[in-house]
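S.K.: First the structure, which I've put down as structure tokens, then a few questions once you've had a look.
The values are calculated or read from the model by the stated rules, or taken from the named source; none is laboratory data. Please read all numbers here as calculations on a predicted model, not as lab measurements. No Cβ is skipped: glycine too gets one built from the backbone with ideal geometry, and neighbour counts run over all protein chains shown. Only protein heavy atoms, including side chains, enter the accessible area calculation; ligands, DNA and RNA are left aside. Shrake-Rupley method; radii C 1.70, N 1.55, O 1.52, S 1.80 Å.
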Amino acid sequence: MPAATERLLAAVEAIYDTAASPSLWPSALGKIADCFEDAGAILQWRRDDGAFGAIASESLGPALGDYGERWGQHDFKAERCVSAGLYVSGEPFTDRHIGPIDDSYLNHPFSTDFLARHGLGWFGSIGVSPDPRIIVALSVQRAFAKPQFSDAELDLIATLGRHAEKSLRLSIRLLDTELANLGLGDALARVGIGVFALDWSARLLFANPVGESLVGEVFDLANDRLLVRMAASRAPFETAMTRTLRAEARDLLAEPRPILVESSATGRRFVIYLLPITAGALSDDHFLTRTRAIVLAIEQKSAEPPDPAIVRDVLGLTLGEARIASLVGSGVPPKQAAGRLGIAEDTARNVLKRVFQKLGISRQSELAALLGRLVLRGP
């Protein structure tokens with residue numbers, strides 16, 4: 001296996017290991033940076049209530065401390081990324097997307113007195129938020145002495161971002177300030193999604209209260225093995241489970257895809273994600289130490305806009321396009337959708353035009369019908 005592929009596989013494995021153990025993110029970020037042989041990587045998030053936080057690879061610990069104490073308020077790069085809507089675009093981006101890279105850019109105090117002093121300079125980033133109420137960005141940092149990120153490297157960041165987004169569907173909830181000081185068992189009990197932990201043979205080791213409530217409606221247990229009740233989704237779930245537990249490189253590096261499930265009894269709709277957990281990822285005293293796969297069941301409530309990641313995967317859009325499509329297709333006017341996403345109204349309308357062109361439609365009512373048929377009703 002080529003060294004680059006080995007580094008990528010190690011990074012993806014480490015990303016999924018953070019799902020139930022967010023404390024592993026610094027190590028995972030270090031492995032992400034290793035894919036580029038760069039200085040380090042950072043995961044930053046900001047909730048719609050103004051709360052924010054950041055985690056960095058161990059190599060960037062001093063820089064992160066300095067940033068929090070002084071330089072965060074002078075981060076002109078982040079300001080430009082926000083104003084351009086890049087964190088919610090779903091596309092990877094780098095310095096040249098917020099440039100021009102002129103003397104004022106390179107000689108800004110943030111560049112000369114902060115970045116250069118910590119051996120940093122260029123960045124490659126992508127928004128990876130699994131929740132429309134939270135902006136999350138994954139950024140790889142490199143020194144000014146190296147070239148800027150190439151398009152091929154940005155594609156690799158996008159690949160890593162898709163896996164990070166999937167893992168964050170659980171770990172971002174466990175990083176919530178209300179849960180961070182609880183033990184994992186107590187935190188999982190308060191998470192509002194179904195969580196199941198399975199061993200190497202797909203036997204159930206743990207289910208949180210939401211997960212337990214779904215057994216008999218969405219899932220069945222047969223010889224302690226988790227099964228999907230809906231016939232149309234049973235085979236895809238079994239195939240995904242086999243691949244997840246097999247944990248071969250081609251399976252781990254494949255594009256993450258969810259499974260849509262609808263309860264025949266209640267009509268409730270769920271999206272199912274399977275996350276691989278590597279052997280030895282959890283300490284011996286961790287109550288999920290024998291876990292090799294985590295199953296997440298997230299309800300898609302009909303009164304709320306559909307999950308943008310589901311819209312993206314089903315309709316073949318970018319995540320940024322899917323965010324707009326999800327809101328507008330649910331009846332939110334483009335101006336209000338732009339406000340929710342923190343982008344300009346003109347930007348939102350331009351994105352909506354691209355969505356219409358890709359889907360071969362011309363009206364918001366057609367978009368709403370398409371979402372209802374392909375996303376909200378499941379497979």
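S.K.: Taking the condition of being hydrophobic (A, V, I, L, M, F, W, C) and either at pLDDT below 85 or open to solvent by 20 Å² or more (accessible area, probe 1.4 Å) (or both), how many residues in the stretch 253-284 meet it?
M.R.: Number satisfying all stated conditions: 7.
S.K.: Continuing with the same structure: For residue 354, only one of the following conditions fails: (1) basic (Lys, Arg); (2) more than 22 Å from residue 126 (Cα to Cα); (3) surrounded by 14 or more Cβ atoms within 10 Å (Cβ to Cβ). What is its number?
M.R.: All conditions pass for residue 354, except number (2).
S.K.: Just to be sure before I move on: is residue 98 open to solvent by less than 50 Å² (accessible area, probe 1.4 Å), free of Cβ contacts under 8 Å to residues at least 60 places away in the same chain and among the aliphatic types (A, V, I, L, M) in the structure I sent?
M.R.: So residue 98 fits the description; yes.
S.K.: Sort through 46, 7 and tell me the only one that's modelled with pLDDT of 95 or more, out of contact with any Lys or Arg (no Cβ under 6 Å at 6 or more places or on another chain) and of a type outside the set (Phe, Trp, Tyr).
M.R.: The match here is 7.
S.K.: Strands (runs of 3 or more DSSP E) wholly in the stretch 197-267 with at least 2 residues that are more than 19 Å from residue 19 (Cα to Cα) - which ones?
M.R.: The qualifying strands (runs of 3 or more DSSP E) are 219-222, 225-228, 259-262.
S.K.: Has the stretch 39-54 got at least one residue that is surrounded by fewer than 22 Cβ atoms within 10 Å (Cβ to Cβ), assigned to a helix (DSSP H, G or I) and not assigned by the TED database to the domain that holds residue 348?
M.R.: No: zero hits.
S.K.: If residue 103 satisfies all but one of (1) in contact with a Leu (Cβ under 8 Å, 6 or more places away or on another chain); (2) open to solvent by 30 Å² or more (accessible area, probe 1.4 Å); (3) farther than 28 Å from residue 322 by Cα, what's the number of the condition it fails?
M.R.: Evaluating residue 103 over (1) in contact with a Leu (Cβ under 8 Å, 6 or more places away or on another chain); (2) open to solvent by 30 Å² or more (accessible area, probe 1.4 Å); (3) farther than 28 Å from residue 322 by Cα leaves (1) as the failure.
S.K.: Scan 129, 125, 150 and give me the residue that is within 19 Å of the chain's Cα centre (by Cα), at pLDDT 90 or above and either under 30 Å from residue 84 (Cα atoms) or among the hydrophobic types (A, V, I, L, M, F, W, C) (or both). Reasoning before the result, please.
M.R.: Working: 129 fails: at pLDDT 90 or above; 150 fails: within 19 Å of the chain's Cα centre (by Cα).
Exactly one of 129, 125, 150 is within 19 Å of the chain's Cα centre (by Cα), at pLDDT 90 or above and either under 30 Å from residue 84 (Cα atoms) or among the hydrophobic types (A, V, I, L, M, F, W, C) (or both), namely 125.
S.K.: Looking only at residues in the stretch 22-35 that are open to solvent by 10 Å² or more (accessible area, probe 1.4 Å) and in contact (Cβ under 8 Å) with a residue 24 or more places away in the chain, which one is farthest from residue 273 (Cα to Cα)? Don't jump to the end; show me each part of the working.
M.R.: So the first thing to find is which residues in the stretch 22-35 are open to solvent by 10 Å² or more (accessible area, probe 1.4 Å), and the list is 22-24, 26-27, 30-31, 34-35.
Applying the additional criterion that residues be in contact (Cβ under 8 Å) with a residue 24 or more places away in the chain yields 22, 24, 26-27, 30-31, 34-35.
Numbers: 22: 18, 24: 20, 26: 23, 27: 23, 30: 25, 31: 23, 34: 27, 35: 25 Å.
Step by step, filter the stretch 22-35, then rank; the result is 34.
S.K.: Out of all the residues in the stretch 332-344, is one or more under 18 Å from residue 306 (Cβ atoms) and in a loop (DSSP other than H, G, I, E, B)?
M.R.: yes
S.K.: State the number of residues belonging to the stretch 213-243 that are surrounded by 14 or more Cβ atoms within 10 Å (Cβ to Cβ) and closer than 16 Å to residue 271 by Cα.
M.R.: Residues that pass the stated criteria total 17.
S.K.: Collect the residues in the stretch 245-274 that are among the β-branched types (Val, Ile, Thr) and within 18 Å of the chain's Cα centre (by Cα), keeping them in residue-number order.
M.R.: 259, 271, 272
S.K.: Identify, from the list 9, 60, the residue that is more than 17 Å from the chain's Cα centre (by Cα), of a type outside the set (D, E, K, R) and closer than 22 Å to residue 293 by Cβ.
M.R.: 9
S.K.: Between 137, 158, which is touching a Gly at 6+ places or on another chain (Cβ under 8 Å), under 30 Å from residue 277 (Cα atoms), open to solvent by less than 60 Å² (accessible area, probe 1.4 Å) and hydrophobic (A, V, I, L, M, F, W, C)?
M.R.: Every option except 137 fails the conditions.
S.K.: Within the stretch 161-188, which residues are in a helix (DSSP H, G or I), open to solvent by less than 50 Å² (accessible area, probe 1.4 Å) and more than 20 Å from residue 309 (Cβ to Cβ)?
M.R.: 184, 185, 187, 188
S.K.: Of everything in the stretch 112-134 that's free of Cβ contacts under 8 Å to residues at least 40 places away in the same chain and in contact with a strand residue (DSSP E or B) (Cβ under 7 Å, 6 or more places away or on another chain), which residue is surrounded by the fewest Cβ atoms within 10 Å (Cβ to Cβ)?
M.R.: 121
S.K.: Of all residues in the stretch 292-314 being part of a loop (DSSP other than H, G, I, E, B) and of a type outside the set (Gly, Ala, Ser), which is farthest from residue 211 (Cα to Cα)?
M.R.: 305
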